[in-house]
Structures are given as structure tokens and as C-alpha cells.
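**Q** Submitted below is the structure of interest, expressed as C-alpha cells.
The values are calculated or read from the model by the stated rules, or taken from the named source; none is laboratory data. Computed from a predicted model, the values in this text were never measured in an experiment. We place every Cβ from the backbone using ideal geometry, glycine too, and count neighbours over all the protein chains shown.
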Amino acid sequence: MRIDEHRIRNLYLIISVALVLGIIAFIFGFRMTQKSSVTKVGVILIGRSDDGGWNESHNSGVRSACDLHSCIMYTKELVPEEEQPLNKAVSELVEQGCSVIFLTSYGYGTYVDSIAQKYSKVAFYCISGNFSARNVVSYFARIYQARYLSGIVAGAASKSGILGYVSAMPIPETVRSVNAYALGARLSNPSAKVVVKYTGSWEDREAEKAAVEELAGAGADTMTSHLDRSYCLELADEMGLYTVGYDYVSGEYSDRFLTAAVFDWDALYSRVLGDYLSGRANFQNDYWLGIGEGGVSLYPFSDRVSDETRQLVGKQEERIKTWRDVFSGEIYDNTGQLRCSENERIGDDELFNHIDWYVEGVEIYE
């Protein structure tokens with residue numbers, strides 16, 4: 001009997017040790033390729049790193065994080081959302097010794113699974129959430145929260161009640177932003193409608209300018225966009241329309257530029273990279289930082305924004321930070337269907353990966 005008990009105790013000990021070792025391996029799984037004291041970080045951009053928009057803001061954010069954490073940064077520019085060019089860019093970064101690679105455009109998510117499986121000891125961080133590989137984490141910021149607040153500003157400023165919105169393509173990222181903007185606009189102006197024109201591309205100067213002219217012709221006196229560059233806002237400003245920016249403010253506008261929904265990529269990249277370096281990367285499946293965490297904010301208001309509007313924005317911002325998100329409470333879509341009840345909140349998975357409907361007040365311009 002004593003021999004059997006001794007064997008059982010030994011067996012339990014062996015199992016316990018194996019479990020501990022497995023947990024340690026899991027926690028540090030993203031760090032297996034760190035063979036030197038300096039971590040090399042890669043970033044892949046769909047455009048130029050100095051474009052004054054989406055790509056520059058990401059490149060600057062990663063650089064800031066690398067400087068903070070004493071890492072070496074490598075950038076691949078002008079990589080289209082296609083399998084072969086993306087594979088080539090990743091391969092070159094891996095050859096340069098990168099153990100962390102940031103994929104900064106939504107379409108890269110289509111191919112990240114196969115790439116991540118090929119480079120299983122590299123940590124991939126992707127804007128899109130469409131993947132299942134164990135060494136990939138999604139990251140983004142809740143820009144829709146700032147969009148909602150900027151919509152309040154736009155709705156209050158508009159005289160026609162028609163708000164123009166130029167966007168690239170209808171994917172969850174853009175649809176939830178349109179919806180948040182419309183919810184905000186209709187809070188300050190219940191009869192407001194948001195008219196959306198899709199260009200089919202993240203950057204197309206001519207298509208964006210044409211969209212502004214079409215929407216202005218349809219009565220829009222306020223314009224915003226969801227694109228990599230701000231061509232349409234520059235034209236709208238020249239036309240005397242109110243404008244609301246997005247992502248990154250790189251130029252000077254008139255006082256009709258009311259505000260902007262902006263990211264703090266420095267804060268987000270510093271947190272993500274810091275977690276990776278400390279071994280905490282596996283403790284959460286994704287990063288989605290909101291206003292309360294410093295991931296997004298509003299650009300300073302124009303003098304044209306009234307005190308009443310500022311106060312309303314402040315109250316709604318506090319509400320989002322403390323107890324209730326934008327997509328909560330009673331929400332109807334633009335066909336009259338109830339999408340969210342009074343005591344409900346639309347879940348993150350629906351918002352991040354699946355939303356394909358529009359709230360009341362949104363019209364798609366054909």
C-alpha cells in the first residue's frame with residue numbers, strides 16, 4: 001500500500017511540474033524568437049509612411065513605441081492588400097529578424113492565418129479580426145466612440161440637416177463608424193440624416209472629390225470621411241462646408257473644421273508592444289481601446305462649436321467612459337427593425353466583425 005501511495009504522489013508531482021512548464025511556455029509563446037537582447041519590430045503599410053494620413057499615423061505610432069521600449073523598427077511601405085505582396089513583405093521582415101509584425105490595413109486579415117502558420121514563432125498583430133491562428137492578435141481603438149461625439153457636433157452645426165459622409169467600402173470598421181456618427185448627429189438634431197458615398201478605395205483623390213461634389217449637390221452642408229487621406233475634406237473646406245476630420249489632422253483648415261475623431265496610436269502601440277515584451281501578450285485575445293483608456297479622443301473644437309454643444313458632448317463622453325457604450329439602449333435600423341432594446345448592448349464581436357446594417361437616419365447614396 002505504501003509503495004502504491006508513493007507512486008501516486010510521484011505521479012501527481014510529475015503532472016504538476018508538466019502543467020507549470022506548459023503554462024510558462026504558453027505565457028512566453030510570443031517571445032520564442034527573441035534570440036538577442038534587442039527586439040526587432042516590423043510594420044507593414046498599404047501606403048507611404050509620410051502620407052499625412054492613416055499610414056503616417058501608424059508608422060509614427062510604432063516608431064514611438066519602439067523608441068519607448070528600445071526596439072529596432074523596420075517598415076514596409078506600399079504593400080497592397082493582396083496575398084503575394086503581403087507574403088513577400090512578411091518574409092523580408094522575418095529575414096531581417098523581426099519577431100513582432102504589425103499589419104496595419106484591414107484587408108491584410110484575409111491572408112494572415114496562412115502567413116502566421118508559416119511563421120509560427122513570430123507574433124502578428126492585425127487590424128482585422130478575421131483569423132484563428134494562435135500567434136495572431138487583433139488590435140484597434142474604439143474610434144466609433146469619438147465618431148459618435150463628433151456626430152453630435154456635426155448635427156448641431158448643420159443647417160440643412162444633411163450630413164455627407166465619404167467612405168472607402170462597407171466593412172464592419174466603416175459601417176459601425178457611420179452608425180455611431182449618425183446616432184450622435186440625431187441626438188443633437190433628431191431630424192438629421194447621414195448620406196454615405198462609398199468610393200471603393202482607401203485612397204482615390206478624384207473619386208473622393210467627386211463624392212464631395214455629389215453629396216453637396218444632394219444638400220449636405222457638413223462633410224466627414226473614412227479614408228486614408230483627407231482630400232475630400234480639403235475640397236469641402238474650400239467649398240465653404242462644415243467639416244469633421246478622422247484619424248489624423250495634418251493640415252490647416254478654416255474655422256468650419258469643427259473637430260475630428262482621432263486615434264492615439266502612440267498609446268495603443270506602446271501598450272501592445274509593452275505587453276509583448278513583458279510576456280503578457282497571451283492574456284487577452286485582442287486590444288480595443290476606447291476613450292476611457294486613451295485610445296481615441298476628439299480634436300480641439302472650432303470656435304464655431306457652441307457652448308451648448310460642448311456641454312452635450314461632455315455629458316455623452318462621461319456616459320461612455322463610466323457606464324454606457326454608444327451601441328446600447330434602443331436602436332432601430334434604417335428599415336425600422338429594432339436592433340437593440342432599452343436594456344441591451346450590442347456585443348463587441350458583432351461590432352468588430354459582423355455589423356452590416358445601418359441605423360435610422362443613414363442613407364447610402366447611389
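**Q** List pairs: first in segment 35-64 and free of Cβ contacts under 8 Å to residues at least 40 places away in the same chain, second part of a helix (DSSP H, G or I) and not small (Gly, Ala, Ser), Cβ under 7 Å, 6+ apart or cross-chain?
**A** From segment 35-64, the pairs are 48/55; 49/55; 49/56; 49/59; 50/56.
**Q** Residue check, residue 228 against (1) assigned by TED's automatic domain parsing to the domain that holds residue 155; (2) among the acidic types (Asp, Glu); (3) touching a strand residue (DSSP E or B) at 6+ places or on another chain (Cβ under 9 Å); (4) in a helix (DSSP H, G or I), all met but one. Which one?
**A** (4)
**Q** Considering only residues that are surrounded by fewer than 22 Cβ atoms within 10 Å (Cβ to Cβ) and polar (S, T, N, Q), look in segment 96-126 and name the one that is modelled with the highest pLDDT.
**A** 96
**Q** Can I ask one more? Of the conditions (1) free of Cβ contacts under 8 Å to residues at least 40 places away in the same chain; (2) in the same structural domain as residue 177 (by TED's automatic domain parsing), residue 317 fails just one. Which one is it?
**A** (1)
**Q** Hey, another quick one. Exactly one of these conditions fails for residue 163: (1) aliphatic (A, V, I, L, M); (2) in a strand (DSSP E or B); (3) surrounded by fewer than 24 Cβ atoms within 10 Å (Cβ to Cβ). Give me its number.
**A** (3)
**Q** Does residue 151 count as in the same structural domain as residue 308 (by TED's automatic domain parsing) and under 22 Å from residue 314 (Cα atoms)?
**A** Yes, satisfied.
**Q** Wholly within segment 60-149, which strands (runs of 3 or more DSSP E) include no fewer than the required count, namely at least 2 residues that are under 14 Å from the mean Cα position of the chain (by Cα) and under 18 Å from residue 47 (Cβ atoms)?
**A** 100-103
**Q** From the list 215, 273, which residue is touching a His at 6+ places or on another chain (Cβ under 8 Å) and either in a helix (DSSP H, G or I) or not assigned by TED's automatic domain parsing to the domain that holds residue 350 (or both)?
**A** Among 215, 273, only 273 is touching a His at 6+ places or on another chain (Cβ under 8 Å) and either in a helix (DSSP H, G or I) or not assigned by TED's automatic domain parsing to the domain that holds residue 350 (or both).
**Q** Could you please find all residues in segment 319-346 being under 17 Å from residue 144 (Cα atoms), of a type in the set (Lys, Arg) and in contact with a strand residue (DSSP E or B) (Cβ under 6 Å, 6 or more places away or on another chain)?
**A** The answer is 345, and nothing else.
**Q** Next question. Pairs, please: C-beta under 6 Å, at least 6 apart or cross-chain, first residue in the same structural domain as residue 176 (by TED's automatic domain parsing) and in segment 338-356, second at pLDDT 95 or above and of a type in the set (D, E, K, R)?
**A** The qualifying pairs are 339/333; 342/330; 351/176; 355/176.
**Q** Can you tell me which residue is nearest to the chain's Cα centre (by Cα) among those in segment 310-354 that are buried (at least 16 other Cβ atoms within 10 Å of the Cβ), within 20 Å of residue 294 (Cβ to Cβ) and not aliphatic (A, V, I, L, M)?
**A** My answer is 352.
**Q** Looking only at residues that are of a type in the set (Ser, Thr, Tyr) and at pLDDT below 95 in segment 34-48, which one is farthest from residue 267 (Cα to Cα)?
**A** Result: 36.
**Q** Pick from 247, 221: which is at positive phi and touching a residue at least 24 places away in the same chain (Cβ under 8 Å)?
**A** Residue meeting the stated conditions: 247.
**Q** Return the residues of segment 320-333 that are free of Cβ contacts under 8 Å to residues at least 24 places away in the same chain, closer than 18 Å to residue 349 by Cα and assigned to a loop (DSSP other than H, G, I, E, B); say none if nothing qualifies.
**A** 324, 329
**Q** Just a yes or no: is a residue in segment 174-186 closer than 30 Å to residue 87 by Cα and out of contact with any strand residue (DSSP E or B) (no Cβ under 6 Å at 6 or more places or on another chain)?
**A** Yes.
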